[in-house]
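Shown next, in structure tokens, is the structure this report addresses.
The values are calculated or read from the model by the stated rules, or taken from the named source; none is laboratory data. Given the structure is predicted, the values throughout are model-derived calculations rather than measurements. Every residue, glycine as well, gets a Cβ built from its backbone with ideal geometry; the counts of neighbours run over all protein chains shown.
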Amino acid sequence: MPIDHDNPLGAEILQEMAAAYFGACRKMVDALDALKAFDSLLAASVPSAAQLAQRTALVTTARERVFFVVIQREAMKLTTSDDFFTDYEVSHEVRAHLGPSPQR
């Protein structure tokens, strides 16, 4: 979306869109990092029921956060290709279940 320098409101709207998008990206990266860190901690052990439940919650948060960014990208007319998922190291598990979480 081009910036119309004669329309300060339009420029402000674009700035707000960018801030919301990058905020969502930060939340997405944090969720993906939390899942990776948790998986690293569990790599050498058999997880307990509580750990499996915690991991399920982390996967749910990650898939929801990635979904929100994908939706924002579509709304902003940005493409979402396999490169996006590769660049952010979105696992196949998270990609396979993209979407909002069920009502809590």
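Is it true that Ala37 is surrounded by 14 or more Cβ atoms within 10 Å (Cβ to Cβ), modelled with pLDDT of 95 or more, under 25 Å from Pro100 (Cβ atoms) and small (Gly, Ala, Ser)?
Criteria not met by Ala37.
Select from region 14-34 the residues that are modelled with pLDDT of 85 or more and aliphatic (A, V, I, L, M) and list them in ascending order.
Met17, Ala18, Ala19, Ala20, Ala24, Met28, Val29, Ala31, Leu32, Ala34
Out of region 63-89, which residues are of a type outside the set (S, T, N, Q) and in contact with a Lys or Arg (Cβ under 9 Å, 6 or more places away or on another chain)? Full working, then the answer.
As a first pass, look at region 63-89 and keep what is of a type outside the set (S, T, N, Q): 63-71, 73-78, 82-85, 87-89.
Across region 63-89, the qualifying residues are Arg63, Arg65, Val66, Phe68, Val69, Phe84, Phe85, Glu89.
Within region 90-104, how many residues turn out to be more than 12 Å from the chain's Cα centre (by Cα) and free of Cβ contacts under 8 Å to residues at least 40 places away in the same chain?
7
Would you please name the residue that is nearest to Leu14 (Cα to Cα), looking only at residues in region 47-94 that are surrounded by 15 or more Cβ atoms within 10 Å (Cβ to Cβ) and basic (Lys, Arg)?
Applying the filter and picking the extreme gives Arg73.
Could you grab the pairs with beta carbons closer than 7 Å, sequence gap of 6+ or different chains, first residue in region 64-89 and closer than 13 Å to Ala20 by Cβ, second one at pLDDT below 90 and in a helix (DSSP H, G or I)?
Listed by first residue and then by second, the contacts come to Met76/Met17.
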